[in-house]
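Student: If you scroll down you'll find the structure; I have some questions about it.
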Amino acid sequence: MTLLITVFAAVISTVIWYNRKDDSMKLGILLFMYWGASIMWLVDAIFEYAELKAEYFTPALEDMINDSFLGLSVVALGLVIWVVRLLITDPKGKVRKTLTAAGETR
Amino acid sequence: MACFLVSGAEALVVKAVEKAEEKKELKGVAADGASDAVKRVPLSRKLKWLCNMLTGGAVLLAFEHIWHGEVVPWFPFLTAMYNAEDTAEMLHEMATVGVAMAVLITVVWIGMCVAADAIVKRGVTETQAEEV
C-alpha cells in the first residue's frame, strides 16, 4: 500500500508539473522525491516478494491499514518538505515582500 | 533496517560531484559562450535530478524506518546496532536491498538523461527544419 500510494503521488505530481505555467512552484523537488521513494519501495517489494511469494499479495487487514497510514504520512511529509523549501527559497519573493511590508508598518 | 543509508551516502557523493561540475561548467560558459548548452542538458542539472531522487527517497524511507521503530533519536540511532546478530543482518540488508535501491535509481536516472538529451535534440532538429 505504501508503494501504491507513493506511486500515485509521484504520477499526480508529475502531471501537475507537466501542466505548470512556470517553474516558480518548484514542483520538480516534489516529483523527484516521490519517484525516488517509489523506486526504493519497489525494490523493497521485489525482495519481499522473493521471500514471501504469493503470500505477499494477501496481506492481513491490520498490516494493510498500517501501510496505508504510512503511505499517506509519507505523502504528507513530502508535501511539508516541499512547502518549507518553497517558503525558504521564496522564488516569487512573496515571503520577503510580506516580511518587509510588516516591518514598514511598525 | 538501514537500507536508506546507501542511497543517502550516494546522494552526498553525487552532490559533491554536482557542485564541482557546476563550477567547471560556469568556467566553460565564461570561456567559450553558451552555444553547446542549447543542444544538451548540462551534466550538473542531470546530477541534480539524481541527487533529488536519492535524497528524497532516502528521507522518506528514513521516515518509514522511524515509523517501524528501527531508527530512534538516541545513540546508536539504529535499533539493529544493539546486538551483533542484528547488526550483521542490517549490514546484509544494506548490501543487498540498499545497493539494489541505489543501483535502480541510478539506472532510471541514466534512462532519464538519455531521454532528456533526445528530447532536446529533437527540439533543435524540428526548429532547424522549420527554419528551412
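The values are calculated or read from the model by the stated rules, or taken from the named source; none is laboratory data. As the structure is a prediction and not an experimental result, all values here were calculated from the model. When we count neighbours, we look across all protein chains shown, and the Cβ atoms used for this are built from the backbone with ideal geometry, even at glycine.
Student: Picking from B:Val120, B:Val124, B:Val71, B:Val132, which residue would you name as being at pLDDT below 95 and touching a strand residue (DSSP E or B) at 6+ places or on another chain (Cβ under 8 Å)?
Tutor: Result of the check over B:Val120, B:Val124, B:Val71, B:Val132: B:Val71.
Student: A further question on this structure: Do we have any residue at all in region A:20-27 that's at the interface with chain B (Cβ under 9 Å from one of its Cβ atoms), in a helix (DSSP H, G or I) and surrounded by fewer than 19 Cβ atoms within 10 Å (Cβ to Cβ)?
Tutor: Here is the first cut: in region A:20-27, the residues at the interface with chain B (Cβ under 9 Å from one of its Cβ atoms) are none.
No.
Student: Restricting the search to region A:2-13, which residues are over 9 Å from the mean Cα position of the chain (by Cα) and within 12 Å of chain B (Cβ to nearest Cβ)?
Tutor: Within region A:2-13, A:Thr2, A:Leu3, A:Ile5 qualify.
Student: Among the residues of region A:44-61, count how many are away from every other protein chain (no Cβ under 14 Å) and in a helix (DSSP H, G or I).
Tutor: Step one: of region A:44-61, the residues away from every other protein chain (no Cβ under 14 Å) are A:52-61.
Applying the additional criterion that residues be in a helix (DSSP H, G or I) yields A:52-57, A:61.
Going through region A:44-61 one residue at a time, the tally reaches 7.
Student: Here are some residues: A:Arg85, A:Arg96. Which one is in a helix (DSSP H, G or I) and closer than 28 Å to B:Ala2 by Cβ?
Tutor: Only one candidate qualifies: A:Arg85.
Student: Answer yes if at least one residue in region B:47-59 is closer than 30 Å to A:Ser68 by Cα and in contact with a strand residue (DSSP E or B) (Cβ under 9 Å, 6 or more places away or on another chain), and no otherwise.
Tutor: no
Student: While we're on this one: Quickly run through region B:41-58 and pick out the residues that are of a type in the set (A, V, I, L, M, F, W, C) and more than 7 Å from every other protein chain (Cβ to nearest Cβ).
Tutor: The answer is B:Val41, B:Leu43, B:Leu47, B:Leu50, B:Cys51, B:Ala58.
Student: Tell me the residue from B:Val107, B:Val124 that is within 20 Å of B:Ala11 (Cβ to Cβ) and not aromatic (Phe, Trp, Tyr), please.
Tutor: From the options B:Val107, B:Val124, the qualifying one is B:Val107.
Student: Okay, next question. Inside region B:59-89, can you point out the residues that are in a helix (DSSP H, G or I) and either of a type outside the set (A, V, I, L, M, F, W, C) or away from chain A (no Cβ under 14 Å) (or both)?
Tutor: Hits for region B:59-89 are B:Glu64, B:His65, B:Thr79, B:Ala80, B:Met81, B:Ala84, B:Glu85, B:Asp86, B:Thr87, B:Ala88, B:Glu89.
Student: Continuing with the same structure: Could you check region A:1-19 and list, in sequence order, the residues that are part of a loop (DSSP other than H, G, I, E, B) and of a type in the set (A, V, I, L, M, F, W, C)?
Tutor: If the condition is that a residue be part of a loop (DSSP other than H, G, I, E, B) and of a type in the set (A, V, I, L, M, F, W, C), then A:Met1 is the only one that fits.
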